[in-house]
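Only one structure is covered here, and it is reproduced in the block below.
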Amino acid sequence: LKNQLEEKNLSLNELIKVKNELLGMASHDLRNPITSIQGYSEFLLKKGSSINEDTRDDFLNIINSASDNILELLNDLLSLSAIESGQLILNLQQGNLRSLIEERIRLYTHLALEKNIKFKIKCHGTRIVSFDPPRIGQVLDNLLTNAIKFSPVDGIIEIIMESGNKHIKVTISDEGSGIRSEDLDDLFKPFKKFDTNLTENEKGTGLGLAIAKKMIELHNGSLTLTPSKKQG
């Protein structure tokens, strides 16, 4: 009994440590957008009537963008919390995964066009499978937006779907700078951000891949990254 209590105490201490680390990192990531919102809104309240319309619009765009960043982080934290606590229940439905992939690609075509990135789709078969469409849609959102963020201008993102006897394999490839071998072990950990050549100062919450991996595992699948000689 004493050994069991010691093991539980160690496990609890580890969970508390992880919780404190997550809270610390979340607070750090929230501080910058909140500071921006506070600073620019305060300036507009004090001197908004005396600045020209273009400058005022720039400030409002910064406030709007910072608000989006906060909302994205909070949504990701809620998703991760629900998964970790076991409160996330999948609503499995019979559906066509190919149709969902094509729908999500259409959703992000406008973002890709801003960098003149082209999608290449190769879907072999249209097998009906059981999955939670919003959750798998969230996984695809994370992977596709990451591919766009890390791709160079004029790049190509390739999506391949292959049906096996007992599984479906989806591969999303981009032409980005890739992940260093020493970072691979931390790739799917929450709040892990790496030194990469993002274009246009694009940033993420550091939670997208962690959530995507856990969502796929809830579907009894696996999410992996395979480095290629061409990077990406």
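The values are calculated or read from the model by the stated rules, or taken from the named source; none is laboratory data. The structure presented is a predicted model; accordingly, all values stated were derived computationally and were not measured. Neighbour counts are summed over all protein chains in view; Cβ atoms, including those assigned to glycine, are modelled from backbone coordinates with ideal geometry. What goes into the accessible areas is simple: the full protein's heavy atoms, side chains included, and nothing from ligands, DNA or RNA. Shrake-Rupley method; radii C 1.70, N 1.55, O 1.52, S 1.80 Å.
Things to note:
- Under 5 Å, built H, 5+ apart or other chain: amide partners of Ile121: Ile159
- Rounded to whole Hz, the Karplus (6.51, -1.76, 1.60) HN-Hα couplings of the range 90-101, x for glycine and proline: 6, 9, 6, 9, 6, x, 9, 5, 4, 4, 5, 4
- Per-residue SASA entry for Leu73, accessible area with 1.4 Å probe, Å² rounded to 10: 10
- The C-alpha atoms of the range 116-170 occupy a region whose extents along the principal axes are 37, 22, 12 Å, arranged from largest to smallest.
- Nitroxide proxy distance, nm - points 7 Å out along Cα→Cβ at Glu158 and Leu30: 4.3
- Expressed as a whole percent, the accessible surface of the range 79-170 that belongs to carbon and sulfur atoms is 52, based on a 1.4 Å probe.
- Gln87-Asp58 pseudo-label distance in nm [points 7 Å out on the Cα-to-Cβ vector]: 4.3
- For trypsin sites (Lys or Arg not before Pro), the sites in the range 138-170 that DSSP calls loop and that have at most 15 other Cβ atoms within 10 Å are Lys166.
- Stokes-Einstein translational diffusion, the range 29-178 - Kirkwood Rh over all Cα pairs, 0.890 mPa s, 25 °C, in µm²/s: 133
- Under 5 Å from the amide H of Gly232 lie the amide H atoms of Gly176, Ser177, Gly178, Ile179, each residue being 5 or more positions distant or on a separate chain, with H modelled from the backbone and absent for Pro and chain starts.
- Label-to-label distance, nm, for residues given as Leu1 and Thr109 (7 Å Cα→Cβ offset): 6.7
- Subset of Lys122/Lys169; Lys118/Lys166; Lys8/Lys214 violating a 19 Å alpha-carbon distance limit: Lys118/Lys166; Lys8/Lys214
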